[in-house]
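Novice: Before we start, here is the structure in question, set down as structure tokens.
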Amino acid sequence: MTTNRFYLEIDSSIMASFTECSGPSIQVEKEIYHEGGVNNQQRVFLGHTTFSDITLKRGITDDQSFFNWLCEIFDEEQSTTRCNVNILVFNQAGDIMQSWTLIGAIPTAWKASDFQADGSTVAIEELTMSYEGLSIGQDAGGGNRTIRNEKQFFPSS
């Protein structure tokens, strides 16, 4: 598996391919306690989970769907700004090797690269997303717009 064939899936269709993606990560807070008289062990108690933001980078195209998605958060009429977003990683044969589902994802930043008249580099668009959960599998077909359930959680599919 290589790291150069990955795509973003929203509403069950592939929306874009990217040249760079910051890897998803999970960090679990922990507290360590040392019991009196027990010198060869420690107790580890787990706390809250933190999910890192994901930043996707690609060459600028005429597709403005990511910028428009970010603008939805400023529209009081919109209630569908969050999505379960799939990042699909393909092998050289074109098979899905892994799918990261960002649960309840919402765009938190969009950026275009600096423009220089005398430059020769490709103009890059960046999209940063925050999310509330992560699921890893090998399937496509997710990435649907979503709302919170009665317990105020986002469904994972």
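The values are calculated or read from the model by the stated rules, or taken from the named source; none is laboratory data. The structure displayed is predicted, hence computed values, not measured ones. Keep in mind that these areas ignore ligands, DNA and RNA; they rest on the heavy atoms of the full protein, side chains included. Shrake-Rupley method; radii C 1.70, N 1.55, O 1.52, S 1.80 Å.
Novice: Just by accessible area at a 1.4 angstrom probe, what is the order of GLU31, GLU132 from largest to smallest?
Specialist: These residues rank, largest area first, as GLU31, GLU132.
Novice: If I ignore ligands, DNA and RNA and count only protein heavy atoms, how much of ARG82 is accessible to a 1.4 Å probe, in Å² to the nearest 10?
Specialist: 60 Å²
Novice: Accessible area of GLU9, 1.4 Å probe, to the nearest 10 Å²?
Specialist: Only protein atoms counted, so the area is about 10 Å².
Novice: Report the accessible area of SER65, computed with a 1.4 Å probe over the heavy atoms of all protein chains in place, in Å² rounded to the nearest 10.
Specialist: Rounded to the nearest 10, the figure is 30 Å².
Novice: So, one more: How do TYR131, TYR33 rank by accessible surface area computed with a 1.4 Å probe, from largest to smallest?
Specialist: TYR33, TYR131
Novice: Determine the order of PHE67, PHE51, PHE115, PHE6 by accessible area, beginning with the largest, at a probe radius of 1.4 Å.
Specialist: Heavy-atom accessible area, descending, gives PHE115, PHE67, PHE51, PHE6.
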